[in-house]
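Report on the structure given below.
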């Protein structure tokens, strides 16, 4: 079974994009990747600090001084050290080697422009279908029974809606099709208890820095581009839902990887 850990970003009212993203790992890799991420904190935090008190939450690591109900433990760490830890966490994530090379981890994400009224629902539908498609494709390529998948999400107000949407998509085709390989509706857990949900946060935050800022910042997501699910040169695991793709104005990595296939298709207006 593959476990898809998800988080969201850009859900505030004035955000130019809504992002749902995360990482899918085979069940046999879940413990090993958690230990790899935990090891970053265990080796890099100053002595005397308990790594269990620190969450790999990228926005909090970068800016721990915002208004909060309680102080962030990251306030005790100086800026250079915090950024060094954040950089090491991305390195640990992007260089992880799976226990079985035919069952590698893969990143997934959907970035939906604010112009779409159903942007949050659309983002989840895209991500879950891309995950489902990977499980289908992987089974065919390996000539083995398809893996099942389970999505695990950080606790969020979207819980009820997402479970209802997913239950529907498992029964009937939505905009994209029927989900055929999910073992159940998404389950929710507290990110403070799961390093893999924290890994999903690293992915969604990196995408936010690239797509959500007025001045795009690629230094965090650059190392992650190769890890999004891909096949035959197409980045299947990341979808940028924007009208600028149709007009040819967006050439971000996922849009650029799809453009040759789109241009090769016959013009439906003819």
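Nothing in this text is a laboratory measurement; each read-out follows from the coordinates by a stated rule. Note that the structure is a prediction, hence the values are computed from the model and not measured. We place every Cβ from the backbone using ideal geometry, glycine too, and count neighbours over all the protein chains shown.
Considering region 96-156, its Cα convex hull presents a mean projected area of 5.7 nm².
Taking the DSSP bridge list for the chain and keeping only pairs wholly inside it, about 55 percent are antiparallel. Only Cα pairs under 8 Å and 6+ residues apart enter the sum, and on that basis the relative contact order of the chain stands at 27 percent. Specify the angular offset, from 0 to 90 degrees and rounded to the nearest 10, of the alpha carbon long axis of helix 27-44 from the longest principal axis of the alpha carbons in the chain. Computed tilt is about 40 degrees. What percent of all Cα-Cα pairs in the chain falls into each 10 Å bin, going from 0 up to the bin containing the maximum distance? The calculated distribution, bin by bin, is 6, 29, 36, 21, 6, 1, 0. Can you divide the C-alpha Rg of region 1-50 by 2.2 N^0.38 Å and report the result to two decimal places? Dividing the Cα radius of gyration by 2.2 N^0.38 Å gives 1.61. Tell me the angle of helix 79-94 to the major Cα principal axis of the chain, expressed in degrees between 0 and 90 and rounded to the nearest ten. It works out to around 40 degrees.
State, as an integer percentage, the relative contact order of region 1-105 based on alpha-carbon contacts under 8 Å between residues 6 or more apart. With pairs under 8 Å counted, the relative contact order is 26 percent.
The C-alpha atoms of the chain define a longest principal axis, and helix 195-211 lies at about 70 degrees to it.
Can you tell me how region 98-233 classifies by the Cα gyration tensor, rounded, prolate or oblate, using a/c under 1.5 as the rounded cut? Taking the square roots of the gyration eigenvalues as a ≥ b ≥ c, region 98-233 is rounded. The simple Förster model, with R0 at 41 Å and r as the Cβ-Cβ distance, assigns residue 259 and residue 47 a FRET efficiency of 0.20. Both radii were evaluated on the Cα set of region 1-141; the Rg over Rh quotient, with Rh as the Kirkwood radius, amounts to 1.02.
Pairs of Cα atoms nearer than 8 Å and 6+ residues apart set the relative contact order; for region 158-265 it is 12 percent. Peptides 202-209, 150-157 ranked from most to least packed give 202-209, 150-157, packing being the mean of other C-beta atoms within 10 angstrom over each peptide's residues.
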